[in-house]
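The values are calculated or read from the model by the stated rules, or taken from the named source; none is laboratory data. Here the structure is a predicted model, which is why all the values come from computation and not from measurement. All Cβ positions, even for glycine, are placed from backbone atoms using ideal geometry, and neighbour counts span all protein chains on display.
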Amino acid sequence: MINLAERRAASGPVIQMAGVNKWYGEFHVLKNINLEVRSGERVVVCGPSGSGKSTMIRCINRLEEHQKGRIVVDGIELIADLKQIDAVRREIGMVFQHFNLFPHMTVLENLTLAPMWVRNTPRKEAEDAAMAYLERVKIPEQAHKFPGQLSGGQQQRVAIARSLCMKPKIMLFDEPTSALDPEMIKEVLDVMIELAQGGMTMICVTHEMGFARTVADSMVFMDGGEIVEKAPPTEFFKNPKSERTKLFLSQILH
Amino acid sequence: MAPVSSVVAGSAPRPPADSIGVLGWLRTRLFSSVLNSILTILCIGLLVWIVPPLIDWMILDAVWSAAPPEVCRAAEGACWALLHEKARLILFGRYPYVEQWRPLLAMTVLIVAIALSCNRNFWRPWLAGVWAGTLALFGLLMWGGVLGMTYVENTLWGGLPLTMILSVFGMVGSFPLAVALALGRRSRMPIIHALSVGYIELIRGVPLISVLFMASFMFPLFLPSGVKVDELLRAQVAIILFTAAYLAEVIRGGLQSIPRGQDESAKSLGLNYWQTTTMIVLPQALRAVIPPIVNTFISLFKDTSLVAIVSLFDLLGSLRLALADPLWRNYFIEGYVFVALIYFFFCFFMSKYSQYLESQLQTGHRP
């Protein structure tokens with residue numbers, strides 16, 4: 001852990017968003033977003049629905065295009081060049097609210113597809129790595145089933161393992177537990193906590209404040225397309241600066 | 001007093017006897033209400049009225065053996081003697097009589113290749129080789145001109161082999177074109193999008209018969225003199241182009257049924273457009289539209305009979321040739337029944353196969 005803290009302190013930002021703006025037609029979804037994330041930093045983003053949280057993290061791997069400002073990921077600026085975008089996407093894993101597993105492939109095929117076709121990993125090697133990640137998310141016995149045969153919690157763990165198979169430098173989580181039944185949330189959060197403790201750089205959009213307290217290095221609160229507040233969790237939960245943050249926290253913390 | 005619920009000790013409660021088994025089935029399916037009971041009785045009456053005379057005509061009173069038309073005229077029932085006399089003409093059209101073993105063999109080869117392709121375990125690269133071989137052999141047998149077989153021009157091809165080759169090539173040829181058009185119509189590149197939309201709308205707005213007509217009579221006018229494109233080939237291309245437009249819309253429907261999340265998660269893993277399309281989107285989209293694809297193919301199979309207007313004699317066309325014989329022309333019903341049965345057999349097979357394929361490709365819930 002000491003090594004890790006040193007490494008974190010030593011390295012510069014791995015994600016840099018500077019003056020990022022985005023509109024949907026006339027609607028201003030992202031207003032002048034400035035955010036820096038260091039290597040190994042765990043950022044939790046929260047805020048009311050429609051505040052632009054998902055849009056912001058989807059800009060980081062260019063699932064959404066920003067219209068103004070700069071986004072630099074791992075030294076590569078996100079511009080319209082398809083090659084650069086693919087290069088950035090290879091280094092960023094993303095986990096979605098609705099899992100988005102490929103339903104026509106088995107769990108193992110879901111995991112080996114990208115390593116084999118994007119990284120040109122030989123099948124045997126890709127399968128061994130995939131099995132190792134399935135062990136890590138504690139469902140190796142499901143390897144040969146189809147996603148449709150798994151519970152929501154299991155599917156989300158497969159989705160996390162699928163991203164990890166690409167050995168990403170950064171992981172983005174877009175409300176990973178919002179579509180789950182309550183009794184399955186913990187098994188997914190446990191996997192994410194383990195991942196965070198392993199030193200992964202993470203940006204996580206979630207309303208799971210317990211999880212945020214456990215792992216976050218910094219909390220980001222968004223409202224109306226703006227970053228209202230960014231602070232370490234202790235400060236964020238105890239002494240929120242803005243009224244909007246206070247109101248939001250009072251609504252979700254019972 | 002005995003308890004109201006008289007469950008015998010040691011046995012689980014069972015549903016009431018009149019709700020299960022044959023009795024239950026009859027009650028729920030045929031006599032569930034007064035109206036249903038009346039409809040059931042009416043249907044039974046209709047069957048009693050129609051079926052026995054039909055059996056008399058088709059089987060009991062029919063002339064089954066080879067016989068001259070006079071015998072048929074004396075008989076009450078169907079004149080299957082027509083088939084003894086004309087079956088080969090109906091099946092093989094104007095193909096030279098003594099050489100008709102060749103289309104028979106060619107057709108058998110084609111059917112074997114189709115049967116092989118139906119098994120999903122054989123969907124391997126070598127199957128493409130099998131098809132190349134099959135088509136080469138088919139052409140070799142039909143055209144001849146080598147190995148001591150006389151050359152037979154393809155304007156003489158006819159009957160079932162012609163219907164089959166037009167259909168098989170029509171399906172195989174239109175499918176990739178349709179996929180390309182469907183993807184093109186969804187493309188964000190304006191020129192590709194416009195071309196795809198234009199093609200689909202233009203072809204869909206025109207009847208097949210006029211496409212065939214244009215291919216046959218107008219197209220040669222645009223060619224420099226001396227250049228001749230084969231009649232059969234022109235009809236074949238017309239069928240492919242026509243079917244592709246319909247199929248493209250079917251496939252586009254499938255593409256639209258795939259949630260955007262599939263595309264997004266593939267992209268976020270670093271897969272490029274072609275990898276995402278061929279490995280993630282298309283396999284799911286095509287599976288979702290198997291029923292309408294087969295629907296289109298069944299239409300195509302039957303629409304091949306329209307090549308009659310450009311003087312090619314497919315199965316239906318060669319039946320008309322057979323019925324042109326004044327001695328037998330009174331027995332056209334028997335001829336059409338025979339041909340209808342052949343069409344039905346093929347279409348029914350396609351329908352059943354599509355159901356089998358759907359169940360084979362079922363992998364639990366959709367996302």
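Among residues of region A:49-95 being more than 14 Å from chain B (Cβ to nearest Cβ), without any contact (Cβ under 8 Å) to a residue 60 or more places away in the chain and not in a loop (DSSP other than H, G, I, E, B), the one that is nearest to A:F27 (Cα to Cα) is A:K68. Looking across region B:317-362, the residues that are under 27 Å from B:S117 (Cα atoms) and among the aliphatic types (A, V, I, L, M) come down to B:V339, B:A340, B:L341, B:I342, B:M350, B:L357, B:L361.
Checked against the criterion of being modelled with pLDDT of 80 or more and over 22 Å from the mean Cα position of the chain (by Cα), the candidates B:L91, B:L47, B:L104, B:L116 yield just one match: B:L47. In the set (1) surrounded by 17 or more Cβ atoms within 10 Å (Cβ to Cβ); (2) more than 14 Å from chain B (Cβ to nearest Cβ); (3) out of contact with any Gly (no Cβ under 8 Å at 6 or more places or on another chain), A:E141 fails one condition alone, (1). Only one of the numbered conditions (1) out of contact with any helix residue (DSSP H, G or I) (no Cβ under 8 Å at 6 or more places or on another chain); (2) in the same structural domain as B:I293 (by TED's automatic domain parsing) is not met by B:G133, and that is (2).
Counting the residues of region A:16-35 that are without any contact (Cβ under 8 Å) to a residue 60 or more places away in the chain and within 10 Å of A:I71 (Cα to Cα) gives 5. If you go through region B:312-362 and keep only what is aliphatic (A, V, I, L, M), away from every other protein chain (no Cβ under 14 Å) and part of a loop (DSSP other than H, G, I, E, B), you end up with B:L312, B:A324, B:L327. Residue check: B:A113 meets all listed conditions (1) in contact with a Ser or Thr (Cβ under 6 Å, 6 or more places away or on another chain); (2) farther than 23 Å from B:A324 by Cβ; (3) in the same structural domain as B:A244 (by TED's automatic domain parsing) but one, namely (3).
Residues that are of a type in the set (A, V, I, L, M, F, W, C) and under 27 Å from B:L282 (Cβ atoms) within region B:181-207 comprise B:L181, B:A182, B:L183, B:M189, B:I191, B:I192, B:A194, B:L195, B:V197, B:I200, B:L202, B:I203, listed in sequence order.
Taking the residues in region B:230-248 that are charged (D, E, K, R) and part of a helix (DSSP H, G or I) as candidates, determine which candidate is farthest from the other protein chains (Cβ to nearest Cβ).
Looking at the filtered set, the residue picked out is B:E231.
When each of B:I280, B:I309, B:I251 is tested for being touching a Leu at 6+ places or on another chain (Cβ under 9 Å) and within 14 Å of another protein chain (Cβ to nearest Cβ), the lone residue that passes is B:I280. Return a yes/no flag: does region A:173-180 have any residue that is surrounded by 19 or more Cβ atoms within 10 Å (Cβ to Cβ), in a strand (DSSP E or B) and at pLDDT 90 or above. Checked region A:173-180: at least one residue is surrounded by 19 or more Cβ atoms within 10 Å (Cβ to Cβ), in a strand (DSSP E or B) and at pLDDT 90 or above.
Taken over region A:156-172, the residue count meeting the criterion of being in a helix (DSSP H, G or I) and in contact with a Gly (Cβ under 9 Å, 6 or more places away or on another chain) is 4. Might you check whether a residue that is touching a residue at least 60 places away in the same chain (Cβ under 8 Å), surrounded by fewer than 21 Cβ atoms within 10 Å (Cβ to Cβ) and within 30 Å of A:N21 (Cβ to Cβ) occurs anywhere in region A:97-116? Yes: one or more hits. Among the residues of region B:34-58, just one is of a type in the set (F, W, Y) and closer than 14 Å to B:E76 by Cα, namely B:W57. Answer yes or no as to whether A:K169 is more than 29 Å from B:S257 (Cβ to Cβ), within 13 Å of another protein chain (Cβ to nearest Cβ) and either free of Cβ contacts under 8 Å to residues at least 12 places away in the same chain or among the hydrophobic types (A, V, I, L, M, F, W, C) (or both). So A:K169 does not fit the description; no. Among the residues of region A:102-134, those identified as assigned to a loop (DSSP other than H, G, I, E, B) and within 7 Å of chain B (Cβ to nearest Cβ) are A:F102, A:P103, A:H104. Within region A:49-65, the only residue that satisfies the criterion of being modelled with pLDDT of 90 or more and over 18 Å from A:M94 (Cα atoms) is A:S51. Being hydroxyl-bearing (S, T, Y), assigned to a loop (DSSP other than H, G, I, E, B), more than 24 Å from B:L319 (Cβ to Cβ) and not assigned by TED's automatic domain parsing to the domain that holds B:M142 is a property that B:S11 has. Being of a type outside the set (A, V, I, L, M), farther than 15 Å from B:G158 by Cβ, surrounded by fewer than 22 Cβ atoms within 10 Å (Cβ to Cβ) and in contact with an Asp or Glu (Cβ under 7 Å, 6 or more places away or on another chain) is a condition met by at least one residue of region B:314-330. Within region B:252-275, the residues that satisfy the criterion of being surrounded by fewer than 20 Cβ atoms within 10 Å (Cβ to Cβ) and among the hydroxyl-bearing types (S, T, Y) are B:S257, B:Y273. Surrounded by fewer than 18 Cβ atoms within 10 Å (Cβ to Cβ), at the interface with another protein chain (Cβ under 10 Å from one of its Cβ atoms), farther than 17 Å from B:Q362 by Cβ and not hydroxyl-bearing (S, T, Y): does that describe B:N295? Criteria not met by B:N295. Quick check, is B:V289 away from chain A (no Cβ under 13 Å) and either more than 20 Å from B:P207 (Cα to Cα) or not β-branched (V, I, T) (or both)? Criteria met by B:V289.
In region B:88-126, of all residues being farther than 27 Å from B:K352 by Cα and of a type in the set (A, V, I, L, M), the one that is surrounded by the most Cβ atoms within 10 Å (Cβ to Cβ) corresponds to B:L89.
For every residue, the table says whether it meets (1) under 14 Å from the mean Cα position of the chain (by Cα); (2) hydrophobic (A, V, I, L, M, F, W, C).
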| residue | (1), (2) |
| --- | --- |
| A:E183 | no, no |
| A:M192 | yes, yes |
| A:A216 | yes, yes |
| A:D223 | no, no |
| A:I227 | no, yes |
| A:E235 | no, no |
| A:L249 | no, yes |
